[in-house]
Amino acid sequence: MSPGDYFPTIEDELIDWRHRLHRHPELAYQEHWTANFIAEQLIRFGYAPHRGLGGTGVVASIARGEGPSIGLRADMDGLPVTEQTGLPYASLNAGSMHACGHDGHIVMLLAAARWFAAHGEFAGTINFIFQPAEEGEAGAAAMMRDGLFEAFPMREVYGLHNWPGLPEGQFAGRPGAQMAAFDTFEINLSGRGAHAAMPHMGQDVLLAASHIQSQLQSIVARAVDPLQTAVVSVTQIHGGDSWNVLPAQAVLRGCTRHLDTGLQSIIQERMRAIVAGVADSFGISVELHYQPRYPATINSVREIGIAMAAATDIVTSESVIELPFPSMASEDFAFMLQARPGAYLWLGAGSTDGGRVLHSSRFDFNDRILTIGARWWVALALRALSTDRD
């Protein structure tokens, strides 16, 4: 049975899986219920899943005949968000929510694994990778450190993410950078506290923090080539707990985004200079902790061509678009793309009305794209296995 005929017959079951997963979101490296659910389904399809890479990762393989080996990856963690959808299948885990659609990603890849177990005719090996801790905790890198590519050798690797705001069922990608690198920073300020009525007796770390925040914006405005792209965002400022006391400590936290390591160096250098300058002018102590987190998500030319061609196998060519520029959001699939050629596509989830915005407390995955995503995984794997590497 063809994927186009098969997946509509199990759509209700796929939706049920997705809703069950949505009720049980788990944070990074805590995805035990989720991993058990995935493993149980894979065993039911006839696979022998491997557990434990990256802590809670699950990998299953199917091989038929001589041919290349490829990897298909889905992320599986939730976010530390309190759900406000009011749905009958809303999260049962307080303070945790599938607010990015990883529940749907799991189901689409599971559905493809099910089809290949029963119907697939191909020559080669398909590795189905269910990865923990995508949301800021680098689960892809953790699986690799635990030997993912040694235990499951593969020529190339692919990923897919739902994307609200793109028309429902539309695919989008681009060669080169699809998403930005992601770093975090923390700036700790220490001075001398004082009575708020006598500020001259102390060193105002909150005023210093505000100077640092405003000056950090000069990095992108004046230190980065206008034809390049970068973002510096302060997302937290903490200090003080009284109406009439100037605190002795304050902290700023935030993140940066960029598309190449040259920009990363510029951002770090300018940030250190700004922090040191403000510290000197206020006579306070300041410590900057800058942590590189995720590299940019870089699609290789051959593999993004395969991924886009697979999309045209199941939707019209008008529904497969090449993005004109990258997103400044980030994705830890980038680590896998540093180690192997591959590609990462977006699948349109439709309108953002009603809160369908990634990481929103009102987000809910669009169940109508489950079968589209499953069909794409099948078309992709068949194309990748039958396409020679030059």
- Message: Show me the strands (runs of 3 or more DSSP E) found entirely inside the stretch 129-200 where at least 3 residues are in contact with a helix residue (DSSP H, G or I) (Cβ under 7 Å, 6 or more places away or on another chain) and among the aliphatic types (A, V, I, L, M).
- Response: 181-190
- Would a scan of the stretch 153-170 turn up a residue that is touching a Leu at 6+ places or on another chain (Cβ under 8 Å), modelled with pLDDT under 95 and among the aromatic types (Phe, Trp, Tyr)? no
- Tell me, please, whether a residue that is in the same structural domain as HIS359 (by TED's automatic domain parsing), touching a residue at least 60 places away in the same chain (Cβ under 8 Å), more than 21 Å from the chain's Cα centre (by Cα) and part of a strand (DSSP E or B) can be found in the stretch 41-60. yes
- Query: In the stretch 61-82, which residues are in contact with a helix residue (DSSP H, G or I) (Cβ under 9 Å, 6 or more places away or on another chain), in a loop (DSSP other than H, G, I, E, B) and under 23 Å from PHE37 (Cα atoms)?
  - Reply: MET76, ASP77, GLY78
- By residue number, the members of the stretch 237-281 that are of a type in the set (Val, Ile, Thr), in a strand (DSSP E or B) and either out of contact with any helix residue (DSSP H, G or I) (no Cβ under 9 Å at 6 or more places or on another chain) or modelled with pLDDT under 95 (or both) are VAL245
- Message: Which residue is surrounded by the fewest Cβ atoms within 10 Å (Cβ to Cβ), if the candidates are limited to the stretch 285-299 and must be of a type in the set (A, V, I, L, M) and within 15 Å of the chain's Cα centre (by Cα)?
- Response: ILE298
- Task: Go through the stretch 202-236 residue by residue and tally those that are assigned to a helix (DSSP H, G or I), touching a helix residue (DSSP H, G or I) at 6+ places or on another chain (Cβ under 8 Å) and farther than 17 Å from VAL251 by Cβ.
- Result: 3
- Note on the structure: Within the stretch 354-386, residues being among the hydroxyl-bearing types (Ser, Thr, Tyr), part of a helix (DSSP H, G or I) and surrounded by fewer than 19 Cβ atoms within 10 Å (Cβ to Cβ) number 1
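Does GLY350 satisfy being part of a loop (DSSP other than H, G, I, E, B) and crowded, with 17+ Cβ neighbours inside 10 Å?
Values: part of a loop (DSSP other than H, G, I, E, B): yes; crowded, with 17+ Cβ neighbours inside 10 Å: yes.
Yes: the conditions hold for GLY350.
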- Note on the structure: All-but-one check, SER327 against (1) surrounded by fewer than 20 Cβ atoms within 10 Å (Cβ to Cβ); (2) more than 22 Å from PRO175 (Cα to Cα); (3) among the small types (Gly, Ala, Ser), failing number (2)
- Query: Looking only at residues in the stretch 1-27 that are hydrophobic (A, V, I, L, M, F, W, C) and out of contact with any strand residue (DSSP E or B) (no Cβ under 9 Å at 6 or more places or on another chain), which one is surrounded by the fewest Cβ atoms within 10 Å (Cβ to Cβ)?
  - Reply: MET1
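Considering the stretch 311-331 alone, what residues qualify as being over 22 Å from the mean Cα position of the chain (by Cα), under 17 Å from GLY373 (Cβ atoms) and in a helix (DSSP H, G or I)? Steps first, please.
Residues of the stretch 311-331 over 22 Å from the mean Cα position of the chain (by Cα): 312-319.
Still in the list and also under 17 Å from GLY373 (Cβ atoms): 312-316, 319.
Listed by number, the residues that qualify are THR312, SER319.
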- Task: Quickly run through the stretch 171-207 and pick out the residues that are in contact with a Leu (Cβ under 9 Å, 6 or more places away or on another chain) and within 17 Å of HIS289 (Cβ to Cβ).
- Result: PHE185, GLU186, ILE187, ASN188, LEU189, VAL205
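Given the condition farther than 29 Å from ALA311 by Cα, in the same structural domain as ALA310 (by TED's automatic domain parsing), touching an Asp or Glu at 6+ places or on another chain (Cβ under 6 Å) and not in a strand (DSSP E or B), answer yes or no: does some residue in the stretch 91-111 qualify? Can you show your working first?
From the stretch 91-111, those farther than 29 Å from ALA311 by Cα are 91-97; that's our starting set.
Filter again for in the same structural domain as ALA310 (by TED's automatic domain parsing), leaving 91-97.
When the remaining residues are screened for being touching an Asp or Glu at 6+ places or on another chain (Cβ under 6 Å), the result is 91, 97.
Next, from what is left, pick out any that are not in a strand (DSSP E or B): 91.
Yes: the stretch 91-111 contains one or more residues that are farther than 29 Å from ALA311 by Cα, in the same structural domain as ALA310 (by TED's automatic domain parsing), touching an Asp or Glu at 6+ places or on another chain (Cβ under 6 Å) and not in a strand (DSSP E or B).
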- Note on the structure: If you go through TRP346, TRP377, the only one that is assigned by TED's automatic domain parsing to the domain that holds TYR158 and in contact with a Gly (Cβ under 9 Å, 6 or more places away or on another chain) is TRP346
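The values are calculated or read from the model by the stated rules, or taken from the named source; none is laboratory data. These numbers come from a predicted model, not from an experiment. Here Cβ is always computed from backbone atoms with ideal geometry, including for glycine, and neighbour counts include all displayed protein chains.
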